[in-house]
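Student: Structure in structure tokens, see below.
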2 protein chains.
Amino acid sequence: MRLSLAKSDINQTLNASALALLRSDIIACRLMPNERLRVETLRERYGMGTSPIREALMRLEAEGLVELEQNKGFRVSEVSQENLLDLMRTRIEIETIALCWSLEKGGVDWEASLLSAFHRLSRQSKIDSANPDAISEAWSKEHANFHSALVSACGSPTLLSIRSRLFEQADRYVALSIMSSGPLRDDVTEHKQLMRAALNRELDKTLELNRVHVNRTLDKVSASLAASKAPADLRMMNKKSLK
Amino acid sequence: MRLSLAKSDINQTLNASALALLRSDIIACRLMPNERLRVETLRERYGMGTSPIREALMRLEAEGLVELEQNKGFRVSEVSQENLLDLMRTRIEIETIALCWSLEKGGVDWEASLLSAFHRLSRQSKIDSANPDAISEAWSKEHANFHSALVSACGSPTLLSIRSRLFEQADRYVALSIMSSGPLRDDVTEHKQLMRAALNRELDKTLELNRVHVNRTLDKVSASLAASKAPADLRMMNKKSLK
DNA sequence: CGTCAACAGATTTTCGATAATTTATTTGAT
DNA sequence: ATCAAATAAATTATCGAAAATCTGTTGACG
């Protein structure tokens, strides 16, 4: 499959394109967890040489989306219940700090951008008519944007970059779970409550709502992950017992 | 200057060597903040081709030690008072969480490793007779090891990796400040108190001691940074006024 | 005198080929 | 048949040259 480069990639170096394409393919699970990333395959897929690809993969390794084993090449990072739990717990703690600082320092600009982000999110459909099995790219982007807006006034670039990295990782699990998930959840209400509490500077309530919000995602994704893993394990056991 | 590869680099890919060498050169400020990193120069310095170097630089960009500007190449990340403050504040928050979890979960293994790390640190001289202007590599390693041991039982790989990245960044500022610093501080007592409080599971005291410890470093480094920046600014102003 | 275009040099980015390493397959001895 | 060494195939890691881009300079023109 040869993918065309998005409009935004014009004027970028191939390196930057490779990075953006790979990251988005991994987060959306078009490249599945634990899948081997052969350089030759990726060269065909993205239509470029080895250098930009390997450089992008190196960068993604630092971000935790890719793993490199010496002389054995790259793989998409594996997923697991342990990692998911660790990720979400850590994310809650990081966002707790960021929210504290953001509610403390946020001014009218922050309030306005938060309202704006919520509005855009609330008007964006979660599923895409073209591709009903996956979450719409557009919704995913607005959703990320909303959560980013909540903490954007925290005043710490370092903390914000940590947070967005964790959010990305979590997003990959969400993408994975959507593939086999039941009814869509009503996030609009949840997000609205979160925004209201933040705007009213009700710190404890905001933190609690955020905790619940993240934990709800965790539960859903975790269940879905368990369901998709169990059959694989059974298959493994059958194979073994047949031998 | 052509540096020989350390013993540990045998059997590694050049890529991994480049990464380790570059990271350590940057943290020790042998490559100074904001210094341009020309590929050709680095090729000579480390005796390898472009690929492993660029791949390592890409990785370090994700770690925040290096910055890349499209088509203009790499630089060592700039330092600033704002970044230093942000870094240290964030580090305190992260370590606070990690310490909470570590004191909660740490068992006898953790206690033993902490005692061991403290002992090694306390027996290691801070200055190296061969190079009296810089902090000894060995001390720096034991120091990092001690702080790592404090939080090692926290049970969250994600949090630990975030913490060690922040610690590394802070270490670069410390290396920078040492070059122009006054009397060495007595860290042994500070570290001993920290360890004692942790081993006794006195959570609040541990957190407070850690906060103070980090803030003391911050103050010292910040003062040193201000002192070294001011003359540079004056020089700049002179240059401009001469034109 | 200043502005802009065209050129030249330096530097970054990218490519495809080669070297090194791992993985799979075959062969031969016990 | 079993195991191990030897060979072949596949893949990764690395290199150095070529292409693309940026930076600084020169000179023409308003």
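The values are calculated or read from the model by the stated rules, or taken from the named source; none is laboratory data. Quantities reported herein were computed from a predicted structural model and do not represent experimental measurements. Neighbour counts run over all protein chains shown; Cβ positions are idealised from the backbone, glycine included.
Student: Any chance you could count how many residues in region A:171-189 are buried (at least 16 other Cβ atoms within 10 Å of the Cβ) and closer than 28 Å to A:Trp101 by Cβ?
Tutor: 5
Student: Return a yes/no flag: does region A:114-123 have any residue that is crowded, with 21+ Cβ neighbours inside 10 Å and aromatic (Phe, Trp, Tyr).
Tutor: Yes, because at least one residue in region A:114-123 is crowded, with 21+ Cβ neighbours inside 10 Å and aromatic (Phe, Trp, Tyr).
Student: Those residues that are touching a Lys or Arg at 6+ places or on another chain (Cβ under 9 Å) and hydroxyl-bearing (Ser, Thr, Tyr), I need them from region A:165-205; list them, please.
Tutor: Scanning region A:165-205 gives A:Ser177, A:Ser181.
Student: May I ask you to verify whether B:Ile26 is among the β-branched types (Val, Ile, Thr), away from chain A (no Cβ under 11 Å) and closer than 19 Å to B:Ser164 by Cα?
Tutor: yes
Student: Give me the pairs: first residue in region A:69-82 and within 11 Å of chain B (Cβ to nearest Cβ), second residue polar (S, T, N, Q), beta-carbon distance under 6 Å, and six or more apart or on different chains, which are they?
Tutor: Within 6 Å, the pairs are A:Gln70/B:Thr13.
Student: Right, here's the next one. With assigned to a helix (DSSP H, G or I), away from chain B (no Cβ under 11 Å) and either closer than 24 Å to A:Ser161 by Cβ or more than 16 Å from DNA strand C (Cβ to nearest atom) (or both) as the only criterion, which of A:Ser102, A:Ser125 stands out?
Tutor: One residue alone meets the criteria, A:Ser102.
Student: With the condition kept exactly as written, say whether any residue in region B:71-89 is among the aliphatic types (A, V, I, L, M) and more than 23 Å from the chain's Cα centre (by Cα).
Tutor: Scanning region B:71-89, I find no residue that is among the aliphatic types (A, V, I, L, M) and more than 23 Å from the chain's Cα centre (by Cα), so the answer is no.
Student: Of all residues in region B:35-60 being in contact with a strand residue (DSSP E or B) (Cβ under 6 Å, 6 or more places away or on another chain) and more than 11 Å from every other protein chain (Cβ to nearest Cβ), which is nearest to B:Ile135 (Cα to Cα)?
Tutor: It comes out as B:Glu35.
Student: Of everything in region A:35-85 that's assigned to a strand (DSSP E or B) and touching a helix residue (DSSP H, G or I) at 6+ places or on another chain (Cβ under 9 Å), which residue is nearest to DNA strand C (Cβ to nearest atom)?
Tutor: The extreme case among them is A:Gly73.
Student: While we're on this one: Tell me the helices (runs of 4 or more DSSP H) entirely within region A:128-220 that contain at least 2 residues that are under 20 Å from A:Leu114 (Cα atoms) and in contact with a strand residue (DSSP E or B) (Cβ under 7 Å, 6 or more places away or on another chain).
Tutor: Because the criterion is at least 2 residues that are under 20 Å from A:Leu114 (Cα atoms) and in contact with a strand residue (DSSP E or B) (Cβ under 7 Å, 6 or more places away or on another chain), no helices (runs of 4 or more DSSP H) in region A:128-220 meet it.
Student: What's the number of the condition B:Leu87 fails, among (1) within 12 Å of chain A (Cβ to nearest Cβ); (2) buried (at least 19 other Cβ atoms within 10 Å of the Cβ); (3) within 16 Å of DNA strand D (Cβ to nearest atom)?
Tutor: Unmet condition: (3).
Student: Can you pull out every residue in region B:52-77 that is among the polar types (S, T, N, Q) and surrounded by fewer than 17 Cβ atoms within 10 Å (Cβ to Cβ)?
Tutor: The answer is B:Gln70, B:Asn71.
Student: Inside region A:151-161, can you point out the residues that are in contact (Cβ under 8 Å) with a residue 24 or more places away in the chain and either out of contact with any helix residue (DSSP H, G or I) (no Cβ under 6 Å at 6 or more places or on another chain) or surrounded by fewer than 21 Cβ atoms within 10 Å (Cβ to Cβ) (or both)?
Tutor: Matches in region A:151-161: A:Ser152, A:Gly155, A:Leu160.
Student: Residue under question is B:Ser80, and the condition is that it be more than 22 Å from A:Cys154 (Cβ to Cβ), surrounded by fewer than 20 Cβ atoms within 10 Å (Cβ to Cβ) and out of contact with any strand residue (DSSP E or B) (no Cβ under 9 Å at 6 or more places or on another chain); does it hold?
Tutor: When the stated conditions are applied, B:Ser80 does not pass them.
Student: Residues in region B:108-116: is at least one within 14 Å of another protein chain (Cβ to nearest Cβ) and at pLDDT 95 or above?
Tutor: Checked region B:108-116: no residue is within 14 Å of another protein chain (Cβ to nearest Cβ) and at pLDDT 95 or above.
Student: Go through region B:213-223 and report how many residues are out of contact with any Lys or Arg (no Cβ under 8 Å at 6 or more places or on another chain) and under 19 Å from B:Glu82 (Cα atoms).
Tutor: 7
Student: I'd like to know if region B:6-28 contains one or more residues that are basic (Lys, Arg) and modelled with pLDDT under 95.
Tutor: yes
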